[in-house]
Amino acid sequence: MRCAARGASTPSPTSPRWSGRRGPERSPDTGRPRRVCSPHRDRFHRRPPMSLAFTSLSTFGLEPAAAVLTHGFADYFVQIPFTAGALLQAARVDSVDLAESQIVSADGAAIGAALLARRGWTCRLAGMCLVPEARRRGAGEAFVRHLVAMAKARGDRSFVLEVIEQNAPAVALYRKCGFRELRRLLGFARTTEIGATAERASACALTEIDPAEMPQHMANVGTDWPWQISAATAAQFAPPLRAFRLGDAGVAVACPDQGDVVIRALGHPADAAGTRAATALLRALPAHFSGRRCVIKAVWPEAAAVVFVEAGFQRTELTQLQMHRALTAGVSGA
């Protein structure tokens, strides 16, 4: 707080104007009053730390949890619809454990949620949010550290997540909590023009297959492949998702009556012939859906982007970082 003298000069203690208060302390270099900060100043700018409590999402309830998630993600980079049905679908396809997923509360009110998926020794933070009024008060870091402690106590050995790279505060938070980048994930999109006759001819060669057959086409997928496009996730696919094969390559898509056709998984043999088959399949896909825009969200590894680039797809704006933290097995792990 800057102080200013009332008169042209500071009265001395013997002056009639002396009231027992000292004048402002001045800098010996400039002669200007020094800036003096009250020890109580920060209390008007810094809110007190929050006392947090954690509850299983399954105990909290699906509908209330969906409401917390909707509130927390309302200002997110992309719109994510949360309903009780969507949470049950995530439990089936993405292995979200509703009992281990958490709701965080402060002063009796829910302020955030975390969706935890689990397979074997690996757990994944499938989504985490805080409502806007609870941010920048330390709750995010406390929440992540609570989730890590839970994972260690369960005996998990690996904790993975994906975070939008442009979301700098979230990236910094996860790094602070011990997560490190594995790879960058990209998104792509393509539309086939009406005159693209070659792609339309290739589309005629597509064969629709049972979505449950997708893992058979995913021999190129590594064990650390992003969770959403892994063979384990593809094994849970069922209608209304659809799957197609061209040669030895396979693709699974979500294709609503209108809007984008969303690629949910792509698989092909790891050799050059398999890559060519996957490229041909991707070229034919937009034509098969009458020129509708085909997209894959930012879940595809940057190192494997060549198959989309050669198929004429363009990168989309948002990117993600796939992050990982190794955990010590057992309750006593560090």
## Note on the structure
Counting only helices (runs of 4 or more DSSP H) wholly inside the stretch 160-267, the ones holding at least 2 residues that are modelled with pLDDT under 95, over 23 Å from the mean Cα position of the chain (by Cα) and among the aliphatic types (A, V, I, L, M) are 197-203
### Task
Report, by residue number, each residue of the stretch 138-156 that is surrounded by fewer than 17 Cβ atoms within 10 Å (Cβ to Cβ) and not in a helix (DSSP H, G or I).
Gly138, Gly155
### Task
Kindly indicate the residue of the stretch 296-321 that is in contact with a strand residue (DSSP E or B) (Cβ under 9 Å, 6 or more places away or on another chain), surrounded by fewer than 20 Cβ atoms within 10 Å (Cβ to Cβ) and not hydrophobic (A, V, I, L, M, F, W, C) and also farthest from Leu161 (Cα to Cα) among those meeting that condition.
Gly312
### Task
Starting from the stretch 68-86, take each residue that is within 17 Å of Ile164 (Cβ to Cβ) and of a type in the set (A, V, I, L, M, F, W, C) and list its partners that are assigned to a loop (DSSP other than H, G, I, E, B) and modelled with pLDDT of 95 or more, counting only C-beta distances under 6 angstrom and pairs at least six apart or across chains.
Leu69/Phe82; Ile80/Phe73
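Could you grab me the full set of residues in the stretch 144-156 that are touching a residue at least 24 places away in the same chain (Cβ under 8 Å), under 21 Å from the mean Cα position of the chain (by Cα) and under 22 Å from Leu182 (Cα atoms)?
Val144, Arg145, Leu147, Val148, Ala151, Asp156
Going through Arg293, Arg264, Arg283 one at a time, which residue ends up being touching a Ser or Thr at 6+ places or on another chain (Cβ under 7 Å), buried (at least 17 other Cβ atoms within 10 Å of the Cβ) and either charged (D, E, K, R) or without any contact (Cβ under 8 Å) to a residue 40 or more places away in the chain (or both)?
After applying the criteria, what remains is Arg283.
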### Query
Given the residues Val160, Val131, Val148, Val144, which is the only one that is β-branched (Val, Ile, Thr) and out of contact with any strand residue (DSSP E or B) (no Cβ under 7 Å at 6 or more places or on another chain)?
Val144
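The values are calculated or read from the model by the stated rules, or taken from the named source; none is laboratory data. This is a predicted model, so every value here is computed, not measured. When we count neighbours, we look across all protein chains shown, and the Cβ atoms used for this are built from the backbone with ideal geometry, even at glycine.
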